Structures are given as structure tokens and as C-alpha cells.
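Any read-out appearing in this document is the output of simple, stated calculations on the displayed coordinates, not a laboratory observation. Bear in mind that the values here come from a model prediction, so they are computed numbers and not experimental data. Here Cβ is always computed from backbone atoms with ideal geometry, including for glycine, and neighbour counts include all displayed protein chains.
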Amino acid sequence: MERTLVLVKPDAVEKGYTGAILARLEATGAKLVAAKMLQIPKALAEKHYEAHKAKPFFPSVVGFITSGPVVAAVFEGQDVVAKVRKAMGATNPANAEPGTIRKDFAESIERNAVHGSDSPDSAMVEVALYFKPEEIVSY
Ligand code: CMP
């Protein structure tokens, strides 16, 4: 079954939106199979955002994602990567559709409330960065 990694980012945790964001994702029919709160170490953030290493925003995005606690979660289900991305909305909240998480909870392209894996392949890599196999439940 397909899985995806979700991070409720420091801006949304700080503002108390964690529950609302997880509820929106559960409402898509995706199944929550793992969750934890953590402050991401710099080395983990650099690995997570490795694909963006050459981009000008790389240092800033690493700085932001490590700036406060996040809630990391794994959702599971058919087409869950696409379902979660649809519920999140566009990366830049200015372009996000009404009713999406980023439209309703994000501040800016960097402080954009939530991360979701962008493909089933990157989801497998990202889930393994944040969770040991035994931390993911089946029910
Ligand atoms: P995320 O889905 O976590 O993946 C990469 C992140 O880089 C993205 O969300 C944005 O929060 C952040 N970011 C910052 N600036 C930009 C930018 N100019 N274009 C794309 N992503 C950006």
C-alpha cells in the first residue's frame, strides 16, 4: 500500500493548527499509520531537502524547518501521495485553491504549514528518514 510522509511545519505547530491539518488529511480517506513530534536536526533537514541543495532558498528552508518543533506523520492508502498533495494545495499559498490546507493555514512559500512527499519514490525515502519500520503501525 502506498505511503507518504507529512510534516506539519514549525509555523503551523506554533499557531496550534496541527490537529486541524491532520484532520483535513484524515478526511481525504488517508490512514494515519505513524506520528511523532520532534525538532529536526540540521543534518536530517539537509538530507530531506537534498534535491534542493543547489537552489538559492536551500539554507533558508533548512533554517526554517529546524527552527521549532514539527509533527511528522505517515499516511497510507491508495494514491495517498496525490491525495495528500491535493489537500495541501500549491506550494505557494498565494496560488493555492480555496479549501486547501495552505490556502487556509500557510503564510508564505517558505512558512507553508505542511510538507507532503512529491512522489511515491521520494515518499519511500522520506518515510525511512523519519521513521523506523517498527514505528509504523498496521490496523
Ligand atoms: P516543501 O514541500 O517542504 O519542499 C521544499 C520547500 O522549499 C517548499 O515546501 C517550500 O516551503 C520551500 N521553498 C522556499 N522557497 C521556495 C521557492 N522559491 N520555490 C519552491 N519552494 C520554496
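Spin-label model, Tyr139 to Glu107: label points 7 Å out along the Cα-to-beta-carbon direction sit 3.4 nm apart. What is the sum of charges, Lys and Arg at +1 and Asp and Glu at -1, for the other residues whose Cβ falls under 13 Å from the Cβ of Ala87? With Lys, Arg at +1 and Asp, Glu at -1, the net is +2. Screening the chain for DSSP H helices whose Cα atoms reach 15 Å or more along their own axis and whose mean Kyte hydropathy is at least 0.0 gives 120-130. Take every Cα pair under 8 Å whose residues are at least 6 apart in sequence, average their separation, divide by the length of the range 13-139, and the relative contact order is 26 percent. For the range 33-66, trypsin sites (Lys or Arg not before Pro) are listed when DSSP marks them as loop and at most 15 other Cβ atoms sit within 10 Å of their Cβ; the list is Lys53. In this Cβ point-charge picture (+1 for Lys and Arg, -1 for Asp and Glu), the range 22-139 has a dipole of about 180 debye about its Cα centre. Going 7 Å from the Cα of Phe57 in the Cα-to-Cβ direction, what parts of the range 97-126 have a backbone nitrogen less than 17 Å from that spot? 97, 101-119, by backbone N distance to the label point.
So, R0 is 41 Å and r is the distance between the beta-carbons of Gln39 and Gln78; what FRET efficiency does that work out to, to 0.05?
It comes out at approximately 0.80.
On the basis of the beta-carbon distance and an R0 of 25 Å, Lys15 and Asn92 show a calculated FRET efficiency of 0.85.
Remark: the range 83-139 carries a charge dipole of roughly 200 debye about the Cα centre, counting +1 on each Lys and Arg Cβ and -1 on each Asp and Glu Cβ. Charge tally for Tyr17 (other residues, Cβ to Cβ under 14 Å; Lys, Arg +1; Asp, Glu -1): +2. Normalised by the number of residues in the range 78-125, the average gap of Cα pairs under 8 Å and 6 or more apart makes the relative contact order 35 percent.
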